[in-house]
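A.B. asks: Please find one structure pasted underneath; my questions will follow.
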Amino acid sequence: MTSQNHSDPLISRRRAIRSFVLRQGRITLAQSKALEQLWPAYGLNFTGQILDLDSIFQRQAPRTLEIGFGDGESLVTVAAAHPERDYLGIEVHEPGVGHCLLAAQQAELKNLKVMRHDAVEVLKQSLKPNDLDEVLIYFPDPWPKTKHHKRRIIQTEFVQLLGTRIQALGRLRLATDWAPYADWMLDVLSTSDCFENAAADHRFVTRPAERPVTKFERRGLRLGHLSHDLEFIRKT
Ligand SMILES: C[S@@+](CC[C@H](N)C(=O)[O-])C[C@H]1O[C@@H](n2cnc3c(N)ncnc32)[C@H](O)[C@@H]1O
């Protein structure tokens, strides 16, 4: 069962239309302990203030943001494979964040920080222009009903915001297994003056070999869904 938890202090009430519904999903004891014990090492609290990522990561390195990382397995895998980069993950689902912290500890990551907040607000309020080299949005909620399309995270205004936070020649990588959303993404991104398609015009890219299969993708594959990958480059 899903329910909107308006009393959660981590989620501000200002924005009426959000791309998520806070699920009260079951949290395991290990996840709950991880949230308590590993948060000082990996967690960043949302304060509404600008984050100084260079000082948080204690170096200047190319930075990847993953929005809606789910259980974080894919994020931890790529962060472990690229110690030369820094990774920021944003997810609102508490058990998923707990799971990610456990995986990060197991992989002994030094290049990952995690936030539990609405990514749209984090991008608007806490990240600086050109702060990011890469943004990953894998299998965002497809909101299939027409009346819910306004909840899809990929919207013209949001893409414009991403365009300000991603530096020139940085990459925006997306994937979805919901074909109508894949076309929606292509349409929205193709009309943006900030990005150009890394594939031919109005085409998807071949699935990147190093993108791990995510939990949500695995579920779609079992249902016979095909994944579509998109890659857009921030124009100079
Ligand atoms: C369909 S799931 C996919 C999770 C993961 N990427 C995967 O492929 O397994 C989408 C996730 O995005 C998160 N999400 C949606 N909108 C978000 C937002 N504005 N900020 C942070 N997380 C968000 C949801 O909580 C959910 O866990």
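The values are calculated or read from the model by the stated rules, or taken from the named source; none is laboratory data. Computed from a predicted structure; not experimentally measured. Note: ideal-geometry Cβ built from the backbone for every residue, glycine included; neighbour counts use all protein chains shown. Accessible surface is based on the protein model in full, side chains and every heavy atom, while ligands, DNA and RNA are left aside. Shrake-Rupley method; radii C 1.70, N 1.55, O 1.52, S 1.80 Å.
A.B. asks: Looking only at residues that are away from the ligand (no atom under 16 Å from the Cβ) and within 15 Å of residue 33 (Cβ to Cβ) in segment 103-135, which one is surrounded by the fewest Cβ atoms within 10 Å (Cβ to Cβ)?
C.D. replies: By that ranking, first place goes to 106.
A.B. asks: Which one is nearest to residue 129 (Cα to Cα), of the residues in segment 21-59 that are among the polar types (S, T, N, Q) and in a loop (DSSP other than H, G, I, E, B)?
C.D. replies: Only one residue tops the list, namely 49.
A.B. asks: Let me ask you something else. Checking residue 115 against (1) touching a helix residue (DSSP H, G or I) at 6+ places or on another chain (Cβ under 7 Å); (2) within 20 Å of residue 211 (Cβ to Cβ): exactly one of these is not met. Which one?
C.D. replies: (2)
A.B. asks: Does at least one position in segment 217-224 carry a residue that is out of contact with any helix residue (DSSP H, G or I) (no Cβ under 9 Å at 6 or more places or on another chain), open to solvent by 30 Å² or more (accessible area, probe 1.4 Å), away from the ligand (no atom under 12 Å from the Cβ) and of a type outside the set (A, V, I, L, M)?
C.D. replies: Yes: one or more hits.
A.B. asks: OK, next. Suppose we filter segment 146-163 for residues that are surrounded by fewer than 17 Cβ atoms within 10 Å (Cβ to Cβ) and more than 15 Å from the ligand (Cβ to nearest atom); how many remain?
C.D. replies: Total satisfying the criteria: 4.
A.B. asks: Here is a follow-up. I'd like to know if segment 66-77 contains one or more residues that are within 12 Å of the ligand (Cβ to nearest atom), aromatic (Phe, Trp, Tyr) and open to solvent by 20 Å² or more (accessible area, probe 1.4 Å).
C.D. replies: No: zero hits.
A.B. asks: For segment 167-196, enumerate the residues that are of a type in the set (Gly, Ala, Ser), outside any helix (DSSP H, G or I) and out of contact with any Gly (no Cβ under 7 Å at 6 or more places or on another chain).
C.D. replies: Listed by number, the residues that qualify are 168, 170, 175.
A.B. asks: Residue by residue through segment 78-96, note down the ones that are within 9 Å of the ligand (Cβ to nearest atom) and of a type in the set (D, E, K, R).
C.D. replies: Selection gives 91 alone.
A.B. asks: Does any residue in segment 61-75 that is at positive phi and touching a residue at least 12 places away in the same chain (Cβ under 8 Å) come within less than 9 Å, Cβ to Cβ, of a residue that is more than 7 Å from the ligand (Cβ to nearest atom) and polar (S, T, N, Q) six or more places away or on a different chain, and which pairs are these?
C.D. replies: Listed pairs, sorted by first residue: none to list.
A.B. asks: Is there any pair linking a residue in segment 88-102 that is in contact (Cβ under 8 Å) with a residue 60 or more places away in the chain and open to solvent by less than 10 Å² (accessible area, probe 1.4 Å) to one that is more than 6 Å from the ligand (Cβ to nearest atom) and assigned to a helix (DSSP H, G or I), with Cβ under 6 Å and at least six apart or on different chains, and which?
C.D. replies: Going by the 6 Å Cβ cut-off, the qualifying pairs are 98/31; 98/34; 98/35; 101/34; 101/42.
A.B. asks: For segment 136-145, name all the residues that are within 11 Å of the ligand (Cβ to nearest atom) and out of contact with any helix residue (DSSP H, G or I) (no Cβ under 7 Å at 6 or more places or on another chain).
C.D. replies: 136, 137, 140, 141
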